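Have a look at the structure below before the remarks.
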Amino acid sequence: MTARARAVTFDAGQTLVELDTAMLSRRLAERGLRVDAATLDGAQPPAWRRYEQTVKDAGHEAPWQIFMRTLLEGAGVADARAVELAAWLWDEQPAKNLWRRPIPGMFELAAELTARGVPVGILSNSEGKLAELIDEIGWRAPFRVIVDSGRLGVAKPERAIFEHAARALGVTPAEVVHVGDSRTADIDGARAVGMRAIWFGAAARERPEDGDDVAIAAEAGAVRAALVRWGVL
Ligand SMILES: [Mg+2]
């Protein structure tokens, strides 16, 4: 790899922000269902594994609803009810985004990069309202661009969305480091266009191989260390 890495894109869900299970619990209560946040947290690992199996070539809506249905079923909700609730939550998602709990240190890292003159963007499979959410939680400033599949009409892992993000940051794909949690959508997608990638997440998720163009990071400090190693910071 010859190009020097000099720009960074961050995935949003489970990278900058995570599923707010307390909010999900409140939303379910509005529909007469009592499921506490801890139960929902416990049901996440199998739901994420199911997501990984569906995200390739399936866009955003179908994998999202399958994730949510699997999560609810894992938390003890009956199948038919889980299907109905997942569809309702999907319809509500643009206005009441459930992925809004900041992951410790990640927005701060984006702000540090921007302060150092590094072009930084968000590159997310989302519902077309991600910029509004980032505004709402007070973190819009560090990002030169927010690429939202729901606006662009192309979703990760398709090449076009990665190429679009690099262009928007004024660099080539080979100059970008993409940080994300999904093996399929983020890591495989980024590497296919020549980006370096930082796989972010807990050990329970499917791991890529660590290598010259991939780093593995379980928390923000390890993401920062990989960016230092590649000369971005
Ligand atoms: Mg994600």
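Worth pointing out:
- Solvent-accessible area, 1.4 Å probe, carbon plus sulfur percent, for the stretch 1-118: 50 percent
- Database remark: amide H of A12 closer than 5 angstrom to the amide H of L123, N125 (H placed geometrically; neighbours at sequence offset of 5 or more, or on other chains; Pro and chain starts carry no H).
- Inter-site label distance for E209 and A174 at 7 Å from Cα along Cβ, in nm: 2.2 nm
- The longest stretch of the chain left intact once loop-based trypsin sites (Lys or Arg not before Pro) with at most 12 other Cβ atoms within 10 Å are removed from consideration, loops following DSSP, is 117-233.
- Kirkwood-Stokes translational diffusion coefficient of the stretch 21-97, alpha-carbon pairs, 4 °C, 1.567 mPa s, µm²/s: 104 µm²/s
- Whether the stretch 170-233 is rounded, prolate or oblate, judged on the alpha carbon gyration tensor where a/c under 1.5 counts as rounded: oblate
- Applying the Karplus relation 6.51 cos²θ - 1.76 cosθ + 1.60 with θ = phi - 60° to the stretch 192-199 yields 3J(HN,Hα) values of 5, 9, x, 7, 7, 9, 10, 7 Hz, where x marks Gly and Pro.
- Taking 0.36 nm per residue of separation and subtracting the Cα-Cα distance, full extension of the segment from R140 to E84 would add 16.8 nm.
- Degrees separating the helix 220-229 axis from the principal Cα axis of the chain, which is the longest one: 20 degrees
- The stretch 48-138: Cα Rg divided by the 2.2 N^0.38 Å rule of thumb: 1.29
- Put a dot 7 Å past the Cα of E219, heading toward its Cβ, do the same for E108, and the two dots end up 1.1 nm apart.
- All Cα pairs of the stretch 77-233, percent lying beyond 24 Å: 35 percent
- Taking amide H atoms as placed 1.01 Å from N in the peptide plane, the amide H of E18 lies under 5 Å from those of R100, R101, I103, each 5 or more residues away in sequence or on another chain.
- Under Karplus coefficients 6.51, -1.76 and 1.60, residue-wise ³J(HN,Hα) of the stretch 115-121 in Hz, glycine/proline x: 4, 8, x, 7, x, 10, x
- Put simply, the amide H of A197, placed in the peptide plane, has neighbours under 5 Å in H178, V214, A215, leaving out anything fewer than 5 places away on its chain.
- Computed extension gain for R49 through L152, at 0.36 nm per residue and net of the alpha carbon distance, reaches 34.5 nm.
- Bridge type composition, the chain - antiparallel percent by DSSP, nearest 5: 15 percent
- Helix-only arithmetic for the chain: the sum of -39500 (n - 2.57) across DSSP H runs with n ≥ 4, divided by the residue total, places the mean residue ellipticity at 222 nm at -12500 deg cm²/dmol.
The values are calculated or read from the model by the stated rules, or taken from the named source; none is laboratory data. Please read these numbers as outputs of a predicted model, since none were measured by experiment. Backbone-built Cβ (ideal geometry, glycine too); neighbour counts: all protein chains shown. Surface accessibility is based on the protein's heavy atoms, side chains included, excluding ligands, DNA and RNA. Shrake-Rupley method; radii C 1.70, N 1.55, O 1.52, S 1.80 Å.
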